[in-house]
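The values are calculated or read from the model by the stated rules, or taken from the named source; none is laboratory data. Source: prediction; values computed, not measured. Methodologically, a virtual Cβ is constructed for each residue, glycine included, from the backbone with ideal geometry; neighbour enumeration extends over all protein chains shown. Ligands, DNA and RNA are excluded from the accessible area calculation, which covers all protein heavy atoms including side chains. Shrake-Rupley method; radii C 1.70, N 1.55, O 1.52, S 1.80 Å.
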Amino acid sequence: MSLKSINDILGVLEQQARWQEQPFQKVLQFWAEVVGAVVINHTQPLVIQRDVLRVATSSAAWAQNLAFKRQIILLQLNEKLPKPLVDIRFSTAGWQRPSAKPQQQLTGLPQEHPSYLGNLSNIRRDEPPVLENAQTAFGQWAEKMQVRSHGLPLCPQCQSPTPPGELQRWQVCAICASKQF
Ligand SMILES: [Zn+2]
């Protein structure tokens, strides 16, 4: 490994470390821990502006509810942050429903659904020839077998059409012959 590529890797690691030390990244890192499993689904930390954390909420009621608790949240969050926040503002502005994507998928075109199996009318159009071919093939095979058996001598024991070679050898068909042994 060249010195240059090592320096590149170190540079990336340094950048990552610095990014993780950013106050807002710390907020994202500890938000769930501080607010808990229920609140996390109704809140989205957006940005830190002049040491004030802006958090989007799923509804005005949640914004109001959390505004009352913001001192507790602030206290717990500041314990984990390198630089303390002065306040948290909750509002519905900037809220993006986390379930927006899956819902779009469900109400989308059937082609986009994971269980979509293709256009049924296409399958119906393709199936009859396949069936016809199978039936034709079977019919031809059955006909051939009939013609063959009609031309064949019958086994004196079981009356089955038998290849002449077998009769010559055992005077019966191979099956009857094997039963005799
Ligand atoms: Zn036989």
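Accessible area per residue for the range 14-91 in Å², computed with a 1.4 Å probe and the full protein assembly in place, what is it? Show your work: numbers first, answer last.
Numbers: 4840 Å² over 78 residues.
Result: 62 Å² of accessible area for each residue.
Hey, any idea what % of the range 14-91's accessible area is carbon plus sulfur with a 1.4 Å probe?
C and S atoms contribute 53 percent here.
Along the charge dipole of the range 14-91, which of 60, 38, 22 sits closest to the positive end, that is, farthest toward it, with unit charges on the beta carbon of Lys, Arg, Asp and Glu (+1, +1, -1, -1)?
Positive-most Cα among the choices belongs to 60.
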